[in-house]
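Asker: After the C-alpha cells below, expect a handful of questions from me.
The values are calculated or read from the model by the stated rules, or taken from the named source; none is laboratory data. Because the structure is a prediction, the values reported are computed rather than measured. Methodologically, a virtual Cβ is constructed for each residue, glycine included, from the backbone with ideal geometry; neighbour enumeration extends over all protein chains shown.
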Amino acid sequence: MKTVTVEIKNEKALALLRNLESLKLLRLVDEDNPKPKQNLSDKYAGKLSKDVAEELQNHIERSRDEWERDI
C-alpha cells in the first residue's frame, strides 16, 4: 500500500473521498488529529511474567556490576 497526502480544497472533494472509503477503495487518515503517543512503559506493562522480569532485572544488575569492577 502507498500513502499520499492530499490537500482538500472543497467539501465536494471530501465527500467524494468519503464515498471511495465506503467502497473500501481507500482509507482516510486524519493528520490534524494524530493519536497521542503511548509511553513504552504503559504499552508493555504486564507483558513479562514476574519470574522473567526478575531474572532480567538481576541480569541487568550483574552486567552493571561488571562495569564497575576494577580490571
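Asker: Return yes or no: is Ala53 without any contact (Cβ under 8 Å) to a residue 24 or more places away in the chain and over 26 Å from the mean Cα position of the chain (by Cα)? Reasoning before the result, please.
Answerer: Numbers: without any contact (Cβ under 8 Å) to a residue 24 or more places away in the chain: yes; over 26 Å from the mean Cα position of the chain (by Cα): no.
Answer is no for this residue.
Asker: Sticking with this one: Go over the candidates Leu23, Leu40 one by one and state the one that is modelled with pLDDT of 90 or more and either of a type outside the set (Lys, Arg) or touching a Cys at 6+ places or on another chain (Cβ under 7 Å) (or both). Spell out the reasoning first.
Answerer: On the way: Leu40 fails: modelled with pLDDT of 90 or more.
Selected residue: Leu23, the only one of Leu23, Leu40 that is modelled with pLDDT of 90 or more and either of a type outside the set (Lys, Arg) or touching a Cys at 6+ places or on another chain (Cβ under 7 Å) (or both).
Asker: Something else now. Just to be sure I understand, how many residues within the range 20-45 are within 16 Å of the chain's Cα centre (by Cα), assigned to a helix (DSSP H, G or I) and not acidic (Asp, Glu)?
Answerer: Summing the residues that are within 16 Å of the chain's Cα centre (by Cα), assigned to a helix (DSSP H, G or I) and not acidic (Asp, Glu) in the range 20-45 gives 3.
Asker: Here is a follow-up. Leu48 fails exactly one of the following numbered conditions: (1) assigned to a helix (DSSP H, G or I); (2) in contact with a helix residue (DSSP H, G or I) (Cβ under 8 Å, 6 or more places away or on another chain). What is the number of that condition?
Answerer: Status for Leu48: all satisfied but (1).
Asker: State which residue pairs qualify: first residue within 14 Å of Val4 (Cα to Cα) and inside the range 23-48, second residue loosely packed, with under 10 Cβ neighbours inside 10 Å and of a type in the set (S, T, N, Q) in any location, beta carbons under 8 Å apart, and separation of 6 or more residues or different chains.
Answerer: Here the result reads Val29/Thr3; Glu31/Thr5, each pair linking the range 23-48 to a residue that is loosely packed, with under 10 Cβ neighbours inside 10 Å and of a type in the set (S, T, N, Q).
Asker: Now for a different question. Taking Leu16, is it in a helix (DSSP H, G or I) and at pLDDT 95 or above? Steps first, answer last, please.
Answerer: On the way: in a helix (DSSP H, G or I): yes; at pLDDT 95 or above: yes.
Judged against the criteria, Leu16 is a match.
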